[in-house]
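The values are calculated or read from the model by the stated rules, or taken from the named source; none is laboratory data. Just so it is clear, the model here is predicted, and its values are computed rather than measured. Here the Cβ positions follow ideal geometry from the backbone for every residue, glycine too, while neighbour counts run over all protein chains shown.
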Amino acid sequence: MGEEEAVHPQNSPLSVSHHFPVGEASRNVQSLLASKGRSDNLRPLPPPSHKAGKGFEVNDFVEAYYKDGLWEGVVTAVVDGGERFVVTFENLRDEREFAPLRLRPL
């Protein structure tokens, strides 16, 4: 069987439903969050592993899952031999350390 691919014209409106716990009070309760947006704002799922098992390098541009969303940043340090990475967010004026599973390349 072939795979079907959903095609949306650029900037077309759409609705996305997410099933996950929402907020501090509902950590153990499954909630439904629906959001509306445009198809050009959707991002693909991250690849299963970055660079076929290789880590990120200093100056790699990445998206990091941080503050309940994906934020663009730059890897500024490799920690513990690639087990963790320091990412600097210029727009947030912040710097945080992340595991590789919380990052994806830009």
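Among the numbered criteria (1) acidic (Asp, Glu); (2) surrounded by 11 or more Cβ atoms within 10 Å (Cβ to Cβ); (3) at pLDDT below 80, which single criterion is violated by ASP60?
(3)
For ARG96, indicate whether it is in a strand (DSSP E or B) and at pLDDT 90 or above. I'd like the intermediate steps shown before the answer.
Details: in a strand (DSSP E or B): yes; at pLDDT 90 or above: yes.
Here the answer is yes, as ARG96 does meet what is asked.
Considering only residues that are closer than 24 Å to SER35 by Cα and either of a type in the set (D, E, K, R) or touching a residue at least 60 places away in the same chain (Cβ under 8 Å) (or both), which ones fall in segment 51-106?
GLU63, LYS67, ASP68, GLU72, ARG102, ARG104
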